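What follows draws every value from the coordinates through simple rules; no lab data is involved. Keep in mind the model is a prediction, meaning the values are calculated, not measured. Positions of Cβ are generated from backbone atoms using ideal geometry, with glycine treated the same way; all protein chains shown enter the neighbour counts.
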Amino acid sequence: MRVVILEDAAAVSNRAADIFCHTLRKRPDCVLGLATGGTPLKTYQELARRYQNGEVSFSDATSFNLDEYVGLPAGHPQSYRQFMHEHLFSCTDFDASRCHLPDGSGNDLKGASEQYESAILAAGGIDLQLLGIGSDGHIAFNEPGSSLASRTRVKALTQQTRQDNARFFQSIDEVPRLSITVGIGTILDAKHILLLATGEKKASAVRAFVEGPVTSMLPASALQMHRHVTVLVDEAAAAWLSRADYYRQVEEVQSELEGS
Ligand code: GLP
């Protein structure tokens, strides 16, 4: 796991955008795994800015989002489909027909989950998977206790996650109780995983998943089992890391190697 400690959230977003652009330049028809939440917002803004400056194009890319609420009608302002449309798809040249999100609005959620897994496979798998992290260590909507081998399925949200996400709704009662989410196994199949964490509220989860034991009680800890993970954190989210000095030292050496 490569842990990169950056000054602030803006630096995290810029570095994340660099990694996206590098992936897209290497393979314009790459498959991107996308995330929602407050954390990736600035990265999407930066990508939109670079697109508008002619620095990057998404026209040949395919995308799969991590998750979606169950039961919100299409077009609901807090649905993740709407979020992606507003913050990334409509501001860039993504081809809407290749932008996928799980469908949490139908009656056959099991069928929709299976179809989602098949669609990812048919696209050739995910090249770059973007992730945020919940304050309890969840990734996508894989709450603590999720199987580390899980695939796309319906998952109930914890009270903690509903409370954390209530800021986007009028009240906590409006936050759905269920989601449809890719599994931890699905995430681990991605070729490169990029996790972003910013702010002091994430410091405890960051320390636990980077330096603690691998356990389903902290879903992000499963990333320790993956061969290519980049973790971008700001100083506030890195505050509880006990080996921060070592990660900084590794980065210095790494930058020298990459510069040479
Ligand atoms: C939700 C999403 C996760 C996201 C998490 C943290 O639960 N399903 O994918 O990582 O929120 O969100 P934020 O970035 O707003 O802290």
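Couple of notes before you dig in:
- Pairwise Cα inverse-distance average, inverted: Kirkwood Rh of the stretch 71-184 (Å): 15.3 Å
- Backbone N under 17 Å from the residue 255 label point (7 Å along Cα→Cβ), restricted to the stretch 10-47: 10-19
- Residue 8-residue 169 FRET efficiency (beta carbon distance; Förster radius 30 Å; 0.05 resolution): 0.60
- Relative to one another, the C-alpha centroids of the stretch 139-189 and the stretch 201-243 are positioned 18 Å apart.
- Take the Cα of residue 121, step 7 Å toward its Cβ, do the same at residue 225, and the gap between the two points is 1.9 nm.
- Dividing the alpha-carbon radius of gyration of the chain by the rule-of-thumb value 2.2 N^0.38 Å gives 0.96.
- Taking 7 Å steps out from each Cα toward its Cβ at residue 154 and residue 41 produces label points 3.1 nm apart.
- Isotropically averaged projected area of the stretch 15-89, using the convex hull of Cα atoms (one quarter of hull area), nm²: 5.0 nm²
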